[in-house]
Amino acid sequence: MVMILSFLEKKKFSRSKKNYNNKSFGFHNKGDIRIQQTAFMILAVFFFFVLVGLFFLGYYSKNLKARTHELEKEQTIASLQTLIDMAELSYDATGYEYLSLDEDKILIMSVEDYSTIWPVSSIKIYKVFPAFDKLVKCPNPGCNYYVVYDSGQEEIEEYSTFISLCRKNKEFGSIYDKCEIAKLSAGVENVE
Amino acid sequence: MLNKKGQSEMVGFVLIVVLVIVAIMVFLVISIKSGRKDVESKDVENLLASVMSYTTECAIVSEPRYDSVEDLIKSCFDNDKCSNLEKMACNYLEELMEEIMGDIIRSEGAVSGYKFNIISKINDEENPFFNLESGNMTGVILGGQRVVVSEGIELIARLSLSYD
């Protein structure tokens, strides 16, 4: 600590006996060398703290970038909720109010042209579980993805979130709700 | 004399460097330890919600009254049996969750591991009764949870995904 203080304390430089003409800047006396030493040390300390500052700045900006990306994603998912809640897509059954889409409605929407009602550039739904080996577009036997709407625009950015894809099924003479795990992907025009 | 003064300055500088490096190390250790905590994610929450709604093949009473994963959790907690599969609800829940999460990890390239656990909360006392973990949980961990109520008892299902 004493050494740090001695390093940081201001020093008195003896220059009284030196005549400062052009020749005197050759650092020949002790005072000049002391000035040079101190200047180098101050520079070294300054650059060291700049490096430390850059390290902290880099660390926090990295975290900030990750958090910003996550927040942007969450905002997009929240806006996808508007799409999920549309009566044209949502599944109406008790206990399935949250994030549930009606597969029968989606089937009709993907066959008929309802392009004027959608607030986005594309809407696609992919089944995630049960898993599949290759993509088969619906309506086809063993299909696993629906294209509800595609404007045909090329410069679009797709955002997706997990949803439940539900339908009424009939087995043993009874009707029940059958839900699968799927992903809703909505494309929005890329403004960048 | 001049050399000695120069040396003492160097030692002072080295001491400053050492102190700052020690401070950085302490900061890094603390931030890495606190970084292990799950960050709540809407995406994981939605995944958990869609998993909860998934219709299973387990019928406790009779077919086709199949349980959703949410119902299956309640059946597991009540120690029920899937009458059509001749399996205990908990065993089937474990098999099914392994299958679902395995497929999701394969479809989501960035996910390296997952942790799924259920805690029952009775009179503010938390007791874990179901735990499933697979893959590496070394990346950024995002999580979400859902509360299921079974006969007045809160069952908290939590899903954590590790992203590389």
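Tabulated data
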read-out: Trypsin sites (Lys or Arg not before Pro) lying in DSSP loop within region A:111-192, provided at most 16 other Cβ fall within 10 Å; value: A:K134
read-out: Average beta-carbon neighbours from other chains, 10 Å sphere, peptide A:168-181; value: 4
read-out: Region B:1-115, relative contact order [Cα under 8 Å, separation at least 6], %; value: 13
read-out: Rounded to 10°, Cα long-axis angle of helix B:42-53 versus longest principal axis of chain B; value: 20
read-out: Computed FRET value (nearest 0.05) for A:F55 with A:K170, which takes r as the C-beta separation and R₀ as 56 Å; value: 0.30
read-out: Dipole axis of region A:23-84 (+1 Lys, Arg; -1 Asp, Glu on Cβ), positive-most option in A:F40, A:L57, A:S79; value: A:F40
read-out: Fewest-first ranking of B:F13, A:F49, using other Cβ atoms within 10 Å as the exposure measure; value: A:F49, B:F13
read-out: Karplus 3J(HN,Hα) series, Hz, for region A:168-175 with 6.51 cos²θ - 1.76 cosθ + 1.60 (x for Gly, Pro); value: 8, 10, 10, 9, 6, x, 10, 9
read-out: Alpha-carbon radius of gyration plus Dmax, which is the widest Cα pair, for chain B in Å; value: 24.8, 97
read-out: Ratio of the Cα radius of gyration of the protein assembly as shown to 2.2 N^0.38 Å, where N counts its residues; value: 1.56
read-out: Antiparallel bridge percentage (DSSP; both residues within chain B; nearest 5); value: 95
read-out: Dimensionless Rg/Rh of region A:23-84 - Kirkwood Rh, Rg from C-alpha atoms; value: 1.60
read-out: Kirkwood hydrodynamic radius (C-alpha pairs) into Stokes-Einstein, region A:88-189, 10 °C and 1.306 mPa s, D in µm²/s; value: 111
read-out: Centroid-to-centroid separation of region A:149-192 and region B:48-69 [C-alpha atoms, Å]; value: 20
read-out: Calculated FRET value between A:I35 and B:V140, using beta carbons and R₀ = 41 Å, to 0.05; value: 0.20
read-out: Dipole in debye (nearest 20) - the protein assembly as shown, about Cα centre, beta carbon charges: Lys, Arg +1; Asp, Glu -1; value: 4360
read-out: Exposure proxy ranking, count of Cβ atoms within 10 Å, fewest first, for A:T82, A:T161, B:T56; value: A:T82, B:T56, A:T161
read-out: Total formal charge among the other residues, if their Cβ is under 14 angstrom from that of B:E126, Lys/Arg +1 and Asp/Glu -1; value: -1
read-out: Ranked list, fewest to most other Cβ atoms within 10 Å of each Cβ, for B:L96, B:L159; value: B:L96, B:L159
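No value in this document is a laboratory result; all are computed from the given coordinates. Worth saying up front: this structure is predicted, and the values here are computed from it rather than measured. Don't worry about glycine lacking a Cβ; one is built from the backbone with ideal geometry, like all the others, and counts go over all protein chains shown.
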